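**Q** Take this structure first; my questions come after.
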Amino acid sequence: MDLRAALEKEDPQVYSALCGEEKRQLEGMELVASENYVSPAVLAALGSIFTNKYSEGYPGKRYYGGQKYTDIIESLAIERVIKLFPGAKTANVQPHSGCPANEGVYHAVLEPGDTVLGMDLSHGGHLSHGHPVTKMAKLFRFVRYKMKDIETGEIDYDELREVALEEKPKIILAGFSAYSRELDYKKFREIADEVGALAMMDMAHIAGLIAGKQLQNPFEFGFDIVTSTTHKTLRGPRGGIILTNSEELGGKINKTIFPGLQGGPHMNNIAAKAVAFGEADTPEFQMYAQQVIKNAKAMENEFAKNNVRMIAGGTDNHLLLIDAVSSWDATGGEVETALDKVHMTLNKNAIADDPRSPFDPSGIRLGTPAMTTRGFTEKEFTQVAQWIIAVAKNHADDAKLAEIAEEVKTLTARFPVPGM
Ligand code: DSN
């Protein structure tokens, strides 16, 4: 059956929005560090009739009949993701996304009032690491560590240890959504051992770079729990996972996700996760992950040549965080808006200890995963950095922006979007 034709016939409004979004994705240059393009096979699984099925429980132990094929796909997803991250012993592939995955861990191993030591949001951490606006922060106590030196990005491991000794956290949480350097997992593990805490990593941003063997795997340093989304560098459908290094922890987490926090798993999503985990376990994916980092380095070089202030001084992964105010005397919001006008999409972002409001912070965050999937190499990303600089410097000059917009469209037209 032609699914597109069916949608067009039955719901022209939704179909028209879909066509608009396709055009936007095709003509635009996607630089949001957390976005990517999935393969046609992932799309096919996601848009499949697995969405019709309820499957509360886990493979072999469900609460509804008719589970022959859902058991096959969930077991495949579990086997494949465990193989992808050596050292993992259990996997829960049901979390609907990254926040429920992190919440699932907190509920599984903490009692109300227990303490978690995580990275400060403005230094790169994530809302779900206990930002005061979240419900989790009302249940558990979150204390913070930061970078020691914003210019190099080095984490202040001495401060982290001091806070850990004083606060006695039950979890020491590594991981981030806006940090561009590799972590010292050995130090995290040592400090966690010293205070009797679990070592947990939220690898959402870099899961694909770890799976692609370009960044270190926290399980190799004895981490207990690793959470992730599946749609960023890992290039799968939107979703979450929780991996652990012990059957005991895995059992607690399974009970917490279902029936603790979620009802029926989204089996179409789990089918798409299984496909993506299979795709990530290939030499081609390793080359992709390597190119993602090479491309980020190419932008780093171009920005450095042009005296752009990069937080942490540059990058070891797929993302860069730039201080727009110091570099170009423009706010993050102004640069984001001007880049939108030239079809380049990224997000305004707070920088460490940002004095500005989160609605118009000092920085921008950008990354290479999506355009690397479309085939960009160092040459194109050097050009991307030059355009970003030109746009930021001319953010109020609409004639100049229109000129750059045409150049951007000409380049992106040469690089197809998978699945379109
Ligand atoms: N929204 C994601 C990001 O952009 O990093 C994190 O949840």
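**Q** Using just the helices of the chain, give the 222 nm mean residue ellipticity in deg cm²/dmol: DSSP H runs with n ≥ 4 each add -39,500 (n - 2.57), and the total is spread over all residues, rounded to 500.
**A** That calculation yields -13500 deg cm²/dmol at 222 nm.
**Q** Which number do you get for Rg(Cα) / (2.2 N^0.38 Å) in the chain?
**A** It is 0.99.
Values quoted throughout were computed directly from the atomic coordinates according to the rules given, and no laboratory measurement underlies them. Bear in mind the structure is a predicted one, so any value in this text is a computation, not a measurement.
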